[in-house]
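**Q** Structure in structure tokens, see below.
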Amino acid sequence: MDFDKTKLLAAIAILLIISFAMSFAVYNKLPEEIITHWDSLGEANGVMSKDVGLFLVPVLGIIITIVMLAIPLIDPLKKNIHGFIKYYNMFILIMLGFLLYIHAITILINLGYDLNISQLIGPAIGVLLFFAGILIGHVKKNYMIGIRTPWTLASKEVWDKTHQKGRTLFKASGIICFFGLIFPNYAMWFILAPIIISVIYLFAYSCVEFKNEEKK
């Protein structure tokens, strides 16, 4: 889906308004303290004042939006960013959708619904990672978006090769996250393990490719 600036800002505004509206809608239905943190098994282990906890995610959404909209304007290689801007804009909306999803689950749990957040967060992160893979597959060399190692930034060839590997790894990591629905007790492992392995592999891969390029 392609977004011009007006449509993008309108979609962002709608998602942020929904997030704030959800908070105001349930404000009087919740106790003064609400659950805002869970351990790896989905057990609640942290609370926060509802005045802060109910609006933390919506405000975070605003901050993330401002930062992400600013990046294409300030990056020294912003011309390259414009070459994949439609994928980047789509990722902004996916990120806000992810935050809205987490916000909704948090509200439902505090309203008394018996939900396992560790189990439900896996698919959301899976979608986020899969779309990150799509974005990475189109990213051209820049200083703020993508797999930025000393070696990818030093060589366009290494940048391109590393990002093609990253596209596959991030998509695969996103798919693996969905296994948390089937094995909820290991949901966090299905999220963290693929990400950690992918990051380490891509860091090492870019280094090796750069050294191979130097030998040519």
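**Q** Using the scaling law 2.2 N^0.38 Å as the reference, what is the normalised Cα Rg of the chain? Mind dumping the intermediate values first?
**A** Numbers: Rg = 19.3 Å, N = 216, 2.2 N^0.38 = 17.0 Å.
Compared with the compact-globule rule of thumb, the chain sits at 1.14.
**Q** Say each of Arg148 and Gln164 gets a label point 7 Å from the Cα, pointing the same way as Cα to Cβ; how far apart are those two points in nm?
**A** 2.4
**Q** Can I ask one more? Residues with beta-carbon under 14 Å from that of Lys50, excluding Lys50: net charge, scoring Lys, Arg +1 and Asp, Glu -1?
**A** In short, -2.
**Q** Right, here's the next one. Scanning the chain for helices, which whole DSSP H stretches are 15 Å or more long along the axis (Cα) and average 0.5 or more by Kyte-Doolittle?
**A** Span-like helices, by this rule, are 5-26, 50-74, 85-110, 117-136, 187-215.
**Q** Follow-up question, since we're still on this one. Identify the GluC sites (Glu not before Pro) of region 6-101 meeting these criteria: DSSP loop state and at most 15 other C-beta atoms within 10 Å of the C-beta.
**A** Details: sites: Glu32, Glu33, Glu43; in loops: Glu32, Glu43.
Sparse-neighbourhood loop GluC sites (Glu not before Pro): Glu32, Glu43.
**Q** Largest first and in whole Å, what are the equivalent-ellipsoid semi-axes of region 5-108 based on the Cα gyration tensor, each being the root of 5 times an eigenvalue?
**A** 31, 15, 11
**Q** Calculate, for Asp51 and Ala172, the FRET efficiency according to 1/(1 + (r/R0)^6) with r their C-beta to C-beta distance and R0 41 Å; round to the nearest 0.05.
**A** 0.50
**Q** Would you please name the trypsin sites (Lys or Arg not before Pro) within region 90-155 that are DSSP coil residues with at most 16 other C-beta atoms within 10 Å of their C-beta?
**A** Arg148
**Q** Please report, in whole Å, how far the alpha carbons of region 83-200 spread along each principal axis, starting with the longest.
**A** Its Cα atoms span 53, 27, 18 Å along the three principal axes.
**Q** A further question on this structure: Once you have all Cα-Cα distances for region 1-53, histogram them in 5 Å bins from zero and send the whole-percent values.
**A** Per 5 Å bin, starting at zero, the Cα-Cα P(r) for region 1-53 comes out as 4, 16, 16, 15, 14, 12, 9, 10, 2 percent.
**Q** Given an 8 Å cut-off on Cα distances and at least 6 residues of separation, report the relative contact order of the chain as a percent. Let's see the in-between values first.
**A** Details: 275 pairs, mean separation 43.7, N = 216.
Once divided by the residue count of the chain, the mean separation gives 20 percent.
**Q** Filter Lys86/Lys211; Lys78/Lys211; Lys7/Lys79; Lys5/Lys29; Lys29/Lys86 down to the pairs with a C-alpha to C-alpha distance above 30 Å, please.
**A** Lys86/Lys211; Lys5/Lys29; Lys29/Lys86
**Q** Just add up the charged neighbours of Ile121: K/R +1, D/E -1, any other residue whose Cβ is under 15 Å from the Cβ of Ile121.
**A** Its environment carries a net charge of -2.
**Q** At a 10 Å Cβ-Cβ cut-off, how would you order Tyr87, Tyr201, fewest neighbours first?
**A** Fewest-to-most ranking of Tyr87, Tyr201: Tyr201, Tyr87.
**Q** Fully extended, how many nm does the chain gain between Tyr27 and Asp75 (0.36 nm per residue separation, minus their Cα-Cα distance)?
**A** 13.3 nm
**Q** How about Lys141: which aspartates and glutamates have a C-alpha closer than 20 Å to its C-alpha, ignoring those fewer than 8 places off in the same chain?
**A** Those aspartates and glutamates meeting the cut-off are Asp75, Glu157, Asp160, Glu209, Glu213, Glu214.
**Q** Still on this model: Pull up all non-local amide H partners of Thr36: gap of 5 or more, or a different chain, and H-to-H distance under 5 Å with H placed in the peptide plane.
**A** Residues meeting the criterion, in which the H sits 1.01 Å from N, are Gly46, Val47, Met48.
Values in this text are rule-based calculations from the coordinates and carry no lab data. Computed from a predicted structure; not experimentally measured. Neighbour counts run over all protein chains shown; Cβ positions are idealised from the backbone, glycine included.
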